[in-house]
Each structure stands twice: as C-alpha cells, then as structure tokens.
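These notes are about the structure you will find just below.
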Amino acid sequence: MKKMMLAFWLLSFVIAGAQQNEIIPRPDSCIIGKGFFSINQKTKIVLLGSGLEKSALFLQDYLQKMYNIQLPIVKSENGTGNIILNYHKIASAISGAYQMEITDRQVNIGGDNAAGVFYGIQSLIQLLPYSKNKALNIPQLSLKDQPRFAYRGLHLDVGRHFFSVDFIKRYIDFIAMHKMNVFHWHLTEDQGWRIEIKKYPKLTSVGAYRNGTITGRYYGTGNTNTHYGGYYTQTQIKEIVQYASNRFVEIIPEIELPGHASAAIAAYPELSCFPSESSKYPAQTVWNGSKEGKQVQQTWGVFEDVFVPSENTFKFLENVFNEVIAVFPSKYIHIGGDECPKESWKRSGFCQQLIKEKGLKDEHGLQSYFIQRIEKFLNSKGKQIIGWDEILEGGLAPNATVMSWRGEKGGIEAAKQKHAVIMTPGEWMYFDHMQSRNEDSINIGGYTTIQKVYSYEPIP
C-alpha cells in the first residue's frame, strides 16, 4: 500500500471514487490481463478458510445493495465462476497482506489473516463498474499488496461539530474502503462533551450543548444564536464499535485533558482551578446567552480554564475512563494533552504548592505529572495512552505513544526516546485547510492540496 498515508486528519471532507480499474491505495504490484471475469447470478462466494464469514457477508451485502444481486455463501464448491476466499502465507512484517488472482474462470483472494482477505475484497469492489445497469465485469489481473504501516488512521472531531450515528458509520465505510484500520474518535472538547457517562449525567445534559456558535472565521463575525449539541449514548457507541469491528477498524476514543476541558468544567465547575470565576472568551466573539459562570465555549481556540490537578479531578477522570473502557475494547486511549495553557496553574496557590510538594520544575512538569498519573491508571487497566506531541513537554510518560501534529519535530524526538510515534503533521495531514487558492468555505487557514497529502513521506 505504497500510497497510503500514515494518518489522515479531517474536519470536513469530500471523498471521490477512484476511476474504474484503479485501486486505492496503490498496491505493491498489479499486472492487468486481457480478459474479464463476470459476476452473475450463478456466482458463489466460497469460504475455504475458517473465520472469514465477516468478509463474505460484507461482500454479499455490498453486491445486494449496490447491484441487487444476491450471491450465496458456501463452504465448498467444485465448479468455476466463483469468488474464493482463503488464507495465504505471505512474508509481511505487518498483518493485512493479501494476494488476488482474477482469471476468466474465478477470483481467488488469499490473505495472511482475516483482515488481509477483507482488504482484498475492498480492492475487488473498487474494480466493479459504477453503473448499476452494466454487466459486473472485472479485469483479469494478478495483484499483491501489504500494509506499510501498522497504524493507518482517520480522525474525526465531533466536539466542535456533532455528527449523527449514520454519518459516523458512513465515515467508517470510507476508512475501510481505503484499507485503513483506525478511527480516532475525538469525543470531548471545549465546545461539547459527546459521550454518555452515567456516573456524571451533567456531562451530557450540560456539557453536550452550547448556546450558540460563531459564524465567520475565528474569532467570529456573528453568532447562530442557536442551542446546539448532541451526544452518543453508550448503547449507540457499542453499536458503532461493532460496526467498525466488522470492517476491521479499531476505534480509539479521545478524552481531552488537562486542557480543552471547558465543556466538562461547565458541567462540574469544581474541576476548575477557580470554580467561581466565569468562563473567559475572546473579546471579539459575539456571544449568545448568559456570560455568568462556567460555559460551554461558542468559539474556537485555546482557553485558560483547564482541569485542576486535584485528587477530586483524578477521581473524576478515573471514573470517566472506567466507563470509556467498558464500551471501547481498543488497546489505546487517546488523552489529548495538547494546547494546555498554564495561566490558571500559575495563578493557583494549590497548583504552586503541588509543584513544590512533588519536586516539579515548573508548570510543564505539572502537566507531565498529570499525564503520568492518568497513564499509570490506564496502564493498570491494560490500556496504553496516545497523546499529542505536547506531552513531551516536562518529560514523556513512560509508555506513551506520541502523535506528532505540530510538524515532525515532536515525532522525531519521541522516536529518539524509543517511543512509538504516529506522524500527523498538520502541513500535510490536516484537511481543514484550503484545497484551492480561491477559498470557497471557511477553514482554519493554510493551503493543502490532495497532491501534497499524497506526497507525504513519514519516514525520513
């Protein structure tokens, strides 16, 4: 999968289909023959390997929905004209490799594991004609492919903009189509808390909604003046996790800390260094509704109000993570760790005393202490943390994986310290930039073309 990016980052997007007979990402090798194989009512999906039912059902369902053709799934078949799924030993450092042979008599897909077979099916689907009225002819070919990276992910921030369950499933479909294997689900932000936590109901009754949203570019030229928000119940999350699993996609939830916590603090002000202070926001922002007390933010940016590193806060986060772990089976939990202003910690007598008691150098050391406390708890639950590259500041948590978004420097430094790294530099990997010189929609700035995204080489 030579052209697969290590990770893609996306706030709003349009994904266009590949031209017929083109496979995305580009496979390691693909030799096109002269004839075709035709899928018709007599074609069967043959399972020669055990444990491949998910992939077979996916293909069967796709063909039924898109072409109104129902192919039976069988365990053995002596005839020709079928699609055969099986395992195939492939020397690959990363699981998910596959081979596909298409002749005029049959299709053979062999993967080094079940995921590899599924990726072969995704390539087969990309070879199908767009028109539902055409014969289902696919070219004869011999194809070999294997993943280049173990983590191939797509991110979605639902804190600033909420998306429906149906949209999330469609998003996962796009992830699977491109043979990516991770959905990084950014669930909490200053502008909204999106996951039901039963022990703390105010996180959703208060934290999931804001009284308005800025219009225009940050800081905002106006306000929608509309109550806005939403959240996912744990039942809905379990459904989505299963949907992703059926497509060999792992969901990694992100619960932001210690910064980007305005929504949680609006629900439970005692999590702030200064519970009695009202929320701050840029003076230029057009605000809707009450300005008193703690508020879910209506604009974008970075805000001073962050979690106080008290025992009460740590207990709160441990209880939150206990419920997160119960619905997300992923080995990893993303804890954010980015853009945490230190102003409140500098003003707080409690924080300054804690720095002295723990023998910390400064507020950066306090952030490292905060992250390491959370890592130790999650490690005790069998989980590993991922954090943005700011978690390097003040000292990296012992077992943390670093996601390098402020360029490549943080990732290189973490790798030198023998930590796992996911390269996500904004210059290439963030899709909230302009994609044409003539700006046709509001974006964060910058100019990133599709060509530039595809040009990224994560390994120097």
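Longest stretch of the chain clear of exposed loop sites (GluC sites (Glu not before Pro), DSSP loop, at most 15 other Cβ atoms within 10 Å, sites excluded): 23-276.
When DSSP assigns beta bridges and you keep just the ones with both residues in region 29-145, what percent turn out antiparallel, to the nearest 5? Display every interim value, and only then the final one.
On the way: 18 of 28 bridges.
Bridges in region 29-145 that DSSP calls antiparallel: roughly 65 percent.
Where both bridge residues fall in the chain, DSSP classifies roughly 40% of the beta bridges as antiparallel.
What's the magnitude of the charge dipole for the chain around its Cα centre, counting Lys and Arg as +1 and Asp and Glu as -1 at the beta-carbon? Answer in Debye, nearest 20.
Working: 49 positive and 44 negative charges, 217 e Å.
Approximately 1040 debye in magnitude.
Sorted into 5 angstrom bins from 0, the C-alpha pair distances of region 276-412 split as 2, 9, 17, 18, 19, 17, 12, 5, 1, 0 percent. Of all DSSP-defined beta bridges confined to region 151-226, some 45% are antiparallel rather than parallel.
Here the relative contact order of region 29-145, from alpha carbon pairs under 8 Å that lie six or more residues apart, stands at 34 percent.
Farthest towards the positive end of the charge dipole of the chain, among the residues Leu392, Phe321, Leu366, is the Cα of Phe321, using unit charges on the Cβ of Lys, Arg, Asp and Glu.
Placing unit charges on the Cβ atoms of the charged side chains and taking the dipole of the chain about its Cα centre, the candidate lying farthest along the positive direction among Tyr281, Ile444, Cys340 is Ile444.
How big is the gap, in Å, between the Cα center of region 116-191 and the Cα center of region 309-355? Here the answer is 33 Å between Cα centres. Across region 83-144, C-alpha contacts under 8 Å between residues 6 or more apart give a mean separation that, scaled by the residue count, equals a relative contact order of 34 percent. Given the rule -39500 (n - 2.57) for each run of at least 4 DSSP H residues, summed and divided by the residues of the chain, what is its mean residue ellipticity at 222 nm, to the nearest 500 deg cm²/dmol? Computed mean residue ellipticity for the chain: -8500 deg cm²/dmol. A viscosity of 0.692 mPa s and a temperature of 37 °C, combined with the Kirkwood radius over C-alpha pairs in the Stokes-Einstein formula, give region 171-213 a diffusion coefficient of 266 µm²/s. Across the cross-link table entries Lys179/Lys331; Lys199/Lys383; Lys238/Lys331; Lys315/Lys409, which are compared at the Cα atoms, the separations over 23 Å belong to Lys315/Lys409.
Starting from region 109-211, pick out the trypsin sites (Lys or Arg not before Pro) whose DSSP state is loop and whose Cβ has at most 12 other Cβ atoms within 10 Å.
Numbers: sites: Lys132, Lys134, Lys144, Arg148, Arg152, Arg160, Lys169, Arg170, Lys179, Arg194, Lys198, Lys199, Lys202, Arg210; in loops: Lys132, Lys134, Arg148, Arg152, Arg160, Lys179, Arg194, Lys198, Lys199.
For trypsin sites (Lys or Arg not before Pro) across region 109-211 that sit outside H, G, I, E and B with at most 12 neighbouring Cβ atoms in 10 Å, the list reads Lys132, Lys134, Lys198, Lys199.
Write down, largest first, the equivalent ellipsoid semi-axes of the chain in whole Å, where each equals the square root of 5 times an eigenvalue of the alpha-carbon gyration tensor.
Working: eigenvalues 401, 108, 86 Å².
Calculated on Cα positions only, the semi-axes equal 45, 23, 21 Å.
When region 29-145 is described by a simple charge dipole with +1 on each Lys and Arg Cβ and -1 on each Asp and Glu Cβ, the residue from Tyr87, Ser29, Val46 located farthest towards its positive end is Val46.
The relative contact order of the chain comes to 13 percent, based on Cα pairs under 8 Å that sit 6 or more residues apart. Simple point charges give the picture: +1 on the Cβ of Lys and Arg, -1 on the Cβ of Asp and Glu, and for region 362-443 a dipole about the Cα centre of about 540 debye.
If you place +1 on the Cβ of every Lys and Arg, -1 on the Cβ of every Asp and Glu, and leave all else neutral, what size is the dipole of region 29-145 about its Cα centre, to the nearest 20 Debye?
On the way: 11 positive and 7 negative charges, 54 e Å.
I would put it at about 260 debye.
Taken together, the values in this text are just the output of simple stated rules run on the coordinates, not laboratory data. Everything numeric in this text was worked out from a predicted model, so none of it was measured. FYI the Cβ positions are ideal-geometry reconstructions off the backbone, even for glycines, and counts take in every protein chain you see.
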